[in-house]
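Bear in mind that the values in this text are calculations on the coordinates, not laboratory data. All values derive from a computational prediction rather than experimental measurement. Every residue, glycine among them, receives a Cβ derived from its backbone with ideal geometry; neighbour counts consider all protein chains shown.
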Amino acid sequence: MSPARTIVVGITGGIAAYKAVNVVRAFVLLGHDVHVVATPAALRFVGRPTLEAISRNRVHSDLYEGVAEVRHVAIGQGADLIVVAPATANSIAKLAAGLADDLLGNTILASTAPLVIAPAMHTEMWNNAATVANIAILRARGVTIVGPGVGQLTGTDSGSGRMEEPDTIVARALCVLDESVNDGQPVGQVQDLAGRRVLISAGGTREPLDPVRFLGNRSSGKQGVALAAAAAARGASVTLVAAHLEVAPPVGIDVRTVSTAAQLQDAVTEASHEADVIIMAAAVADYRPATVQTGKIKKDQVGQTLTLELVRNPDILSGLAASRRQGQIIIGFAAETEEDADALIAVGREKIRRKGCDYLVLNRVGWTTGFTTDDNAVVVLDVRGAIVKDASGTKMSVANSILDVIAHTTISD
Ligand code: CTP
């Protein structure tokens, strides 16, 4: 375990503040000295006694308390790391502008410690041009942005903007802390994909039968979107070929919207020329109707049974692998229904041989698992069929595990 450090956890006023308790707890259990600076709004969501009990230190909130100790600067000066979780749209705007109208703003401005923030807000606020610009400013200053994740929001809706899970925030924050300590000076986000161009396909294709009907699949695109967000956060230049996503794509990346397998093939093939890494996370229809009716198919013209003639779609992944540029890394996905773990791996090994890609991300799916959920569990196979990664958790943390494999891979021939 790394030596104990002084970590300031800033908590701002969003509903995800209740999850910040687990962020504080994880740092404390790892032996760190944790000081919570909560905005007054944060304390409306989570109680001071809870934070004091969990952090084992006094909670600071008021700018005008402890003035004799010059607390508004002392807390920041003493920090080895500052983590703001949740970071609301408002607090991100204040950070970007360098405002110091509360204790947290003063603490951050007075500190040279690395800063990690975990945004949490509704999708519309995350996608708003103001927030996009503010995040870009913070990223350029070396602030590490963890998440946000994709999934269920406070109301009945879901999308990008959910605060990343506490374990993911803590893991990323500790990486930042380790690097800053190792270098002897603060550093920002781990940019281990900087300079790499990553092409990701996500979602599920739809093959039209007539103007109102299609053949589709249950892919939500959440894992592909998480991969795109995580790759961008790690410095990659990301192109996302998006087929019917159920969640909003991350901001600040190149998004190309498609519907059918043929359109996805065109978009991916075009973008592949520029890509260093291609991740085919999309669920692509293997067959399409042989003919697409120009008018709506009517029952009284069809009768009691309807027979569809389907024709095979090209295998896009195999095509990309067969015509790959030197050094290009190609990753396929395989969602399989095998119950038995060994049988699942055997199917994966056969598939990676057949597809010719460098890695295959394999997961089990069923009626209730894999597709629309916020969590995932995968194994990553390499070209020899060996398991190089076994990861589970939120789709964002699984995305980072997959990207860890890519970040350490160079293909020379
Ligand atoms: N894929 C593709 N083109 C297709 C079908 C699939 O590029 N026409 C890609 C998917 O994006 C995924 C991988 O191939 O990365 C595996 O998809 P999957 O549907 O599991 O493979 P299939 O070739 O359909 O294999 P099977 O029919 O045996 O399930």
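Some observations on this one:
- Projecting the Cα positions of SER272, SER237, GLY31 onto the charge dipole of the chain (unit charges on Cβ atoms of Lys, Arg, Asp and Glu, taken about the Cα centre) puts SER272 furthest along the positive direction.
- Amide H contacts under 5 Å for LYS389, placed H, 5+ residues apart: VAL380
- Scaled to the globular estimate 2.2 N^0.38 Å, the Cα spread of the range 332-413, given as radius of gyration, is 1.06.
- Stokes-Einstein, applied to the Kirkwood radius of the range 261-326 over Cα pairs at a viscosity of 1.306 mPa s and 10 °C, places its translational diffusion at 109 µm² s⁻¹.
- Over the C-alpha atoms of the chain, the Rg to Rh ratio, Rh being the Kirkwood estimate, stands at 1.04.
- Once you reduce the range 70-146 and the range 270-299 to the center of their Cα atoms, the two points are 42 Å from each other.
- Highest to lowest packing among 211-219, 390-398, scored as the average C-beta count within 10 Å: 390-398, 211-219
- For the range 1-103, the convex hull drawn through the C-alpha positions has a volume of 97 cubic angstrom per residue.
- Per residue of the chain, the DSSP helices (runs of n ≥ 4 H) give a summed -39500 (n - 2.57) that works out to -10500 deg cm²/dmol at 222 nm.
- Approximating the spin labels as points 7 Å out from Cα along Cα→Cβ, the ALA100-to-ASP192 distance works out to 3.6 nm.
- Backbone N within the range 123-155 under 16 Å of label point (7 Å from ASN90 Cα along the Cβ vector): 125-126, 131
- Eligible aspartates and glutamates near LYS222 by straight Cα distance, threshold 16 Å, same-chain separation 8 or greater: ASP157, GLU164, GLU165, GLU246, ASP374, ASP375
- Computed about the Cα centre, the dipole magnitude for the chain is approximately 520 debye when only Lys and Arg (+1) and Asp and Glu (-1) carry charge, each at its Cβ.
- Beta bridges by DSSP in the chain, antiparallel share as percent, to the nearest 5: 30 percent
- Shown here: the range 6-177, whose C-alpha atoms stretch 44, 31, 31 Å along the first, second and third principal axes, sorted largest to smallest.
- Stokes-Einstein D for the range 295-371, Kirkwood Rh over Cα pairs, 37 °C, 0.692 mPa s (µm²/s): 211 µm²/s
- Taking a point 7 Å from the Cα of SER323 along the Cα-to-Cβ direction, the residues of the range 263-283 with backbone N closer than 17 Å to it are 263-280.
- Ranked by how many other beta carbons lie within 10 Å on average, peptides 299-305, 248-254, 45-51, 143-149 from highest: 143-149, 248-254, 45-51, 299-305
- A dipole drawn for the range 207-343 from +1 and -1 charges on Cβ atoms has a positive end, and of GLY332, ALA228, LEU209 the residue lying farthest that way is LEU209.
- Around the amide H of SER160, modelled in the peptide plane, lie the amide H atoms of GLY151, ALA248, all under 5 Å away and 5 or more residues distant in sequence or on another chain.
- Of every Cα-Cα pair in the range 212-273, the percent that sits beyond 20 Å: 27 percent
- For the peptides 378-386, 163-171, the ranking by mean Cβ contacts within 10 Å, running from highest to lowest, is 163-171, 378-386.
- Pairwise FRET efficiency - GLU274 versus VAL73, Cβ, R0 = 56 Å, nearest 0.05: 0.75
- Antiparallel beta bridges, as assigned by DSSP with both residues in the range 6-177, represent about 20 percent of the total such bridges.
- Dipole orientation for the chain: of the candidates ILE352, PHE45, SER61, ILE352 has the Cα lying most toward the positive pole (charges on Cβ; Lys, Arg +1; Asp, Glu -1).
- Cα-based radius of gyration of the range 1-52 once divided by 2.2 N^0.38 Å, which approximates compact folds: 1.12
- When Rg and the Kirkwood Rh are both derived from Cα coordinates, the Rg/Rh ratio for the range 187-407 amounts to 0.99.
- Summarising the label geometry, the points placed 7 Å from Cα in the beta-carbon direction at LEU109 and ARG384 lie 5.7 nm from one another.
- Inter-label distance, nm, simple model (7 Å from Cα along the C-beta direction), THR6/GLN293: 7.3 nm
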